[in-house]
Amino acid sequence: MLTLNLRPVQTGILLAAAALLLPGCGASSEQPDFVSELVPVTGMVTLDGAPLEGVMVNFMPQEGNAIAYGLTDASGKYSLQPQMSGQAEKESSGALPGEYQVYISKLVLPDGSAVPEGLSDAEAEEKGAKQLLPPKYSSPANSSLKATVEKGQTTVDFELKK
């Protein structure tokens with residue numbers, strides 16, 4: 001048996017420190033409060049009427065910091081998920097209600113192949129990846145695309161032109 005010989009003040013400090021640390025010891029599956037406010041957001045991205053596969057759709061909030069993103073499938077459809085670490089996609093999908101600036105990017109490697117999954121944009125660009133979409137859609141600084149996410153399900157389609 002371990003016996004500590006502590007003064008009352010030291011014991012109080014030790015107990016207070018332990019109480020502060022305990023909430024962080026809970027299960028990692030606990031979700032942040034804002035997850036319950038997420039709104040499902042889906043849509044389609046086309047270029048001159050043709051669906052765009054493998055493009056990243058990024059919703060940057062005009063206020064706050066809850067970024068949401070989605071990758072289009074072969075039919076150009078996407079669904080958003082918030083940028084959060086430690087959450088499975090099925091546990092947290094959608095975006096918070098609000099106004100967003102949107103940018104849509106499509107990076108390809110020099111040989112025209114898709115950027116491998118798990119490779120960041122910066123890492124892909126270091127390997128010579130090029131942006132296929134014009135800056136008016138693909139640049140966070142230059143994109144004129146906007147979206148509003150409202151309570152309930154939101155569909156946001158993007159019809160891009162060359």
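The values are calculated or read from the model by the stated rules, or taken from the named source; none is laboratory data. Fair warning: this is a prediction, and the values are worked out from it, not measured in the lab. Cβ: placed from backbone, ideal geometry, glycine included. Neighbour counts: every protein chain shown. SASA here: full protein model, heavy atoms, side chains in, ligands and nucleic acids out. Shrake-Rupley method; radii C 1.70, N 1.55, O 1.52, S 1.80 Å.
At-a-glance table
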quantity	calculated
Filter pass, Glu99 being in a strand (DSSP E or B) and either without any contact (Cβ under 8 Å) to a residue 12 or more places away in the chain or surrounded by fewer than 19 Cβ atoms within 10 Å (Cβ to Cβ) (or both)	yes
Top-ranked residue of the range 109-153 - restricted to ones that are touching a Pro at 6+ places or on another chain (Cβ under 7 Å), in contact (Cβ under 8 Å) with a residue 40 or more places away in the chain and within 18 Å of Gln62 (Cα to Cα), ranked as most open to solvent (accessible area, probe 1.4 Å)	Lys151
Check on Gly112, at pLDDT below 95 and closer than 27 Å to Glu37 by Cβ	no
Filter result for the condition that a residue is on the phi > 0 side of the Ramachandran plot, modelled with pLDDT of 90 or more and not hydrophobic (A, V, I, L, M, F, W, C), over Gly70, Gly76	Gly76
Residues of the range 36-55 that turn out to be in contact (Cβ under 8 Å) with a residue 60 or more places away in the chain and under 24 Å from Leu119 (Cβ atoms), as a count	5
Complete set of residues in the range 108-162 that are touching a Lys or Arg at 6+ places or on another chain (Cβ under 8 Å) and in a helix (DSSP H, G or I)	Ser138
Test: residue in the range 76-94 that is among the aromatic types (Phe, Trp, Tyr), in contact (Cβ under 8 Å) with a residue 40 or more places away in the chain and within 21 Å of Val35 (Cα to Cα)	no
Residues of the range 48-75 satisfying the condition of being surrounded by 19 or more Cβ atoms within 10 Å (Cβ to Cβ), touching a Lys or Arg at 6+ places or on another chain (Cβ under 7 Å) and either in a strand (DSSP E or B) or of a type outside the set (A, V, I, L, M) (or both)	none
